[in-house]
1. Give me the net charge for the shell around G193: Cβ to Cβ below 15 angstrom, other residues only, Lys and Arg +1, Asp and Glu -1.
2. Work out the charge dipole of the chain with +1 on the Cβ of Lys and Arg and -1 on the Cβ of Asp and Glu about the Cα centre, then indicate which of A159, S38, I127 is farthest towards its positive end.
3. Of P192, L69, L10, whose Cα points farthest to the positive end of the dipole of the chain (charges on the beta-carbon: +1 Lys, Arg; -1 Asp, Glu; origin at the Cα centre)?
4. What does the charge add up to near P145, with Lys and Arg as +1, Asp and Glu as -1, over the other residues with Cβ less than 11 Å from its Cβ?
5. Could you work out the relative contact order of the range 21-85, using alpha carbon pairs under 8 angstrom and six or more residues apart, expressed as a whole percent?
6. Please report the relative contact order for the chain, taking Cα pairs under 8 Å with a sequence separation of at least 6, and give it as a percent rounded to a whole number.
7. Note down the relative contact order for the range 106-216 as a percent, whole number, built from C-alpha pairs under 8 angstrom at least six residues apart.
8. Taking the 0 to 90 degree range and rounding to the nearest ten, how far is the long axis of helix 3-14 tilted relative to the main principal axis of the chain, both from C-alpha atoms?
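Since every read-out is calculated from the coordinates, none of them should be taken as a lab result. The model shown is predicted, which means the values in this text are computed figures rather than measured ones. FYI the Cβ positions are ideal-geometry reconstructions off the backbone, even for glycines, and counts take in every protein chain you see.
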Amino acid sequence: MNREVVMSTLFNLLTAAPMVFNFTADTATGDVTLGNVSDTSGLLVGMPVNGPGITEHTHLATITPTVTLTLPATTDATAQPMLQGFQTASRRLRQPSEDVDMPALYLLDIAEQHFPRQSNEPGRIIIECELWVFSDVGEDPDAVPAGELNTLLDALERAIDPPITSPLGRRQNLGLHGVQYARIEGEVQKDPGHNGRMAGAIVPIKIMVGQNVDNY
């Protein structure tokens, strides 16, 4: 088993669309509509969007027939780079009280389970991970901290669960030889935002891997 190959592949999956999605678009002052969006394939309604001329704590309101925002743009600009989803993504945990761009996600490799085996059988190991997710909705008294968090969790499920039309069905093997599955499994712990603006969740992810198999 190649543990670091498995973990880095999982991290790459969790930092792709819709969790992290880069695109460009035109903005107009006072307008919620984005023009000439370069790519809509990874966009997800409700996800936070950041970029030049985009007000902090703005989210995607619609994708079709046009891409619109929950708050109007503040500048006229063409082909501005924008980011949907997590502004901070790392495998090294930082506390949300630090100066971290939000929302943020951290993938932590926390434990392993080794199953007993017969001498002529391949071993099985479950790698246990946690995905720590933080979101900050700002000072608006009408904003619900858990609302953005729930949208981020929706994006996580979409990222890690293959479509039913995939060759393996809903089983995610990370595209790696020797990985039997990678999935959300267990209790998701949630802080809905008791401090008034920040919410968080700890999502358990388990990966079953063959012990004596190269993961490539």
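1. Residues close to G193 contribute a combined charge of -4.
2. I127
3. Checking the options against the dipole of the chain, the answer is L10.
4. -2
5. 45
6. Averaging sequence separation for qualifying contacts and normalising by length gives 20 percent for the chain.
7. The value is 33 percent.
8. So the inclination is approximately 30 degrees.
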